[in-house]
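Data first, discussion second: the structure below is written as structure tokens.
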Amino acid sequence: MEDIRFTPGLLPSGAESLRAEVRAFIAEHLKGYPGVKRAKSWAGADPEFSQKMGAQGWIGMTWPKQYGGHERSFLDRYVVLEEMLAAGAPVAAHWVADRQSGPLLLRFGTEEQRQKILPAITRGESYFCIGMSEPNSGSDLASIRTKATKTDGGWLINGSKIWTSKAHMAHYMIALVRTQPQDVKDRHAGMSQFLIDMKATPGITVRPIRNMAGEQFFNEVFFEDAEVPDDALIGTEGNGWGQVTTELAFERSGPERYLSSYQLLFELVRALETDPSPADAAGIGRLAAHMSTLRQMSISIATMLEAGETPNLAAALVKELGVDYEQDMPNRAHEIRGVSPRMGGDGYEQVMAYMTMAARSFSLRGGTREIMRGIIARGLGLR
Amino acid sequence: MTGTSEMANILAETAGRLLEDHVTREVLGAAEEGTWPEELWRVLEENGLTQPLAPEARGGMGATFADAFVIAFAAGRKRAPVPLVETMAAGWLLGMAGIDVPSGPLALIDGSDGLDFSDGVLSGTAEGVPWASRAGHLVAEVDGTVLLIPSDAATISPDVNMAGDGRDTVTFAKAEPAASGLLPAKGSVSVSRLLGAVMRAAQMAGAMEWAVALTVSHVCDREQFGRPLAKFQAIQQMLSRAAARAAQARSAAETAFLALDRAGDDLANAEWDIAAAKVVAGEAADIVYDAAHQSHGAIGFTYEHELHFTTRRLWAWRGEFGAETYWAEEIGRRVLARGAENMWPDLTERQKG
């Protein structure tokens, strides 16, 4: 059983002056931005907003300057992320690139890939999507079938990816594909990651999939003899599983795993603040207690990242706790102030309606609740 | 941070070893039958673990709350059937009020509801006072005044909580304190309740860590259908959830102890973190209690098995020094009074370095 510790940490005082800058930026650029749009949180995309953030130096903050980064600490980055999330800023366009694709290229990419790709990400101009899930491979990611076949000077990709958020607006996908047939004895062997130019590669079709909240956010992506050059390979051929595990750790470690439904808490407090009953106060207090302790744990993870640690188990724990909290928010809100929310109702009703539907995805994206608990179980020594 | 200083290392090692040696199944069973664990208390006191928080000049060790966390956590982990954390908290209160700390166990009275201190005498009734009948002195805080009262100045009617730990009813009829003194500051919530709550939160975190570890070990050993229970996904899922909640409770309790050190003279500055710690510990207790017992099956429901010595205390502690609803209402009222616009800025302000 691994020792699971979250050393309580405080953000350094420098982080607080950055916080003031971020708040001023948000106040200026998101004035009058409606609650129901803020509720989309890190699923709300606005390329113009991303470019403005890039101009502030708030994308690729921890990356080396030679690639357009700013060599700032993980704690500074943490402050920018949480302020954007608390404000419900439309950060989706660059979110994946900043969170995992860029760091993956920094870790495993070629020098040429880094020089070509990373600076545009930091400017908020280059967006990424995640090519992992397939129609027959959800939680069982190792069962993917999309394959890359070697040609002279490149690779031919055939197959499809699904639930690909923002594939329609992404410039690149980092795709996990088979470069060797599946080996029943070693399910994690024979996979590789490719950097796929979504705009310039022939043979790619993006089909939008409407979600239950009526949004067109995720897609199915088809590859039919889509040819990519040799230098599209990321890292080492056959090392895809190891690399994707690293990528998923980036994906799971941030404050977005407990702040996605903050806007509903905000609207709920606003609806109750003039005349709260003791039961209202107790209901809000429970949610506030969780938010407060989850933030502390989240800061603790940022502190571990800053110290060069790879807190994969701790990140899985916070995702488990955070998703439990943020997904339960509509139910808690319903218990405190139950309504059948109208789509044209007040701020609380609109956000409640959206969040009740959107929250279903929280325990699916980035690894299902069951997969996360499986990771924790391994840490406990149960498997 | 907690548990990282040299002092904390020594305290953790000493507390862990003494409690491991002296809180045996026999001692736990006997304590429940009314036998005071004399030897356990003696070694704790001799090693200075009962008064880490009182200043040296008043008979304590002058440790920080961050250092003392490890003792409270260990007390919960080993479910010591003595008022160790209550005595620690009472010693801090006495020290802050400029009162010399007497030796022996101290009974900490939760809040001052039902008590009246006027004209230098204390009257009224306090219920559920931990081990009042075993303590030489009772410690109460009434409206910012700390009172040290000899037990023989009160009428004590013994009672126990569901774990068999002493929770007595104490009646004062114009009792004269042996000493009294003013706290430097007083917040909106009773300081004795705040201290009791933060101690319970740390004990609960310790108890939950132990319960999860014991359960992990059980499901790895116990086989059904030809394989260890640990291999069943239903078991893995249940225990993962419990372990996550236990880790959250520990993080929250450590954060609250650190907040006490930062709060300075006015403990009200730590109220938020203490309240949050007690709320999440209470909610986690339900989940850990369920997972531990469900995984153990019928053997865990027997008196013979040691699980219940921890889980019954866990449940009892949930309700002591303010249950979840009490503390949730405290902080919920604050959030609502400040309004939605201030909720996030207030949170970041509270947790800044």
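Numbers below:
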item	result
Sorted by Cβ neighbour density within 10 Å, fewest at the top, the residues B:V288, A:V22	A:V22, B:V288
A:T149-A:T245 FRET efficiency (beta carbon distance; Förster radius 22 Å; 0.05 resolution)	0.35
Amide H partners (placed H, <5 Å) of A:V91, local residues excluded	A:G44
Mean projected area (nm²) of the alpha-carbon convex hull when the protein assembly as shown is viewed from all directions	33.0 nm²
Rg in Å to one decimal, and Dmax rounded to a whole Å, for chain A via C-alpha atoms	20.9, 72
Over the stretch B:132-286, volume per residue of the alpha carbon convex hull, in Å³	130 Å³
Ascending count of other beta-carbon atoms within 10 Å, so fewest first, for A:H188, B:H308, A:H94, B:H22	A:H188, B:H22, B:H308, A:H94
Gained length - B:A268 relative to B:R17, 0.36 nm times residue gap less alpha-carbon distance	86.9 nm
Virtual spin-label span in nm between A:N158 and B:D152, 7 Å along Cα→Cβ	9.6 nm
Spin-label model distance (nm) - B:E341 vs A:Q115, 7 Å beyond Cα toward Cβ	5.1 nm
Under-5 Å amide H pairs with A:I209, H placed in peptide plane, nonlocal only	A:F217, A:F218, A:N219, A:E220
Most fluctuating residue given options B:M238, B:M96, B:M199, as computed from a GNM of chain B linking Cα atoms under 10 Å	B:M238
Gyration tensor verdict on the stretch A:122-183 (Cα atoms; rounded if a/c is under 1.5, prolate if a/b is larger than b/c, oblate otherwise)	oblate
DSSP beta bridges in the protein assembly as shown [antiparallel fraction, %, rounded to 5]	85 percent
Extreme residue, positive dipole direction of the stretch B:83-212, given options B:G124, B:A175, B:V198 (C-beta unit charges)	B:V198
Environment charge of B:A66, counting only residues whose C-beta is closer than 15 Å and scoring Lys/Arg +1, Asp/Glu -1	-2
Separation in nanometres of the label points that stand 7 Å from Cα toward Cβ, at B:F232 and A:D328	2.4 nm
For the stretch A:12-87, alpha-carbon Rg over 2.2 N^0.38 Å	1.12
Highest-MSF residue in chain A out of A:V80, A:V339, A:V36 [GNM, Cα springs under 10 Å]	A:V339
Shape of the stretch B:54-165, Cα gyration tensor, a/c cut at 1.5	oblate
Cross-link pairs A:K37/A:K166; A:K37/A:K319; A:K40/A:K116; A:K40/A:K319 - those with Cα-Cα distance over 21 Å	A:K37/A:K319; A:K40/A:K116
Two-decimal Rg to Rh for the stretch B:69-124 - Kirkwood Rh, Cα set	1.05
Most mobile listed residue (A:T205, A:T356, A:T151) in chain A, GNM with C-alpha springs under 10 Å	A:T151
Gyration tensor verdict on the stretch A:207-333 (Cα atoms; rounded if a/c is under 1.5, prolate if a/b is larger than b/c, oblate otherwise)	oblate
Inter-centroid distance (Cα atoms) of the stretch B:244-258 relative to the stretch B:18-35, Å	27 Å
Cβ-based net charge around B:Q237, under 15 Å, with every Lys or Arg adding one and every Asp or Glu removing one	+4
Karplus-derived 3J(HN,Hα), 6.51/-1.76/1.60, for each residue of the stretch B:240-254, Hz, glycine and proline x	5, 4, 5, 5, 5, 5, 5, 5, 5, 4, 5, 4, 5, 5, 4
The protein assembly as shown, dipole about Cα centre (Lys/Arg Cβ +1, Asp/Glu Cβ -1), debye to the nearest 20	2400 debye
Ranked list, fewest to most other Cβ atoms within 10 Å of each Cβ, for A:E320, A:E349, B:E330, A:E370	A:E370, A:E349, B:E330, A:E320
Ellipsoid semi-axes in whole angstrom, largest first, where each is sqrt(5λ) of the Cα gyration tensor of the stretch A:142-262	25, 19, 13
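All of the numbers you see were taken from the coordinates with simple rules; none came from a lab. Note that the coordinates shown come from a computational prediction; the quantities given were computed from them, not determined experimentally. We place every Cβ from the backbone using ideal geometry, glycine too, and count neighbours over all the protein chains shown.
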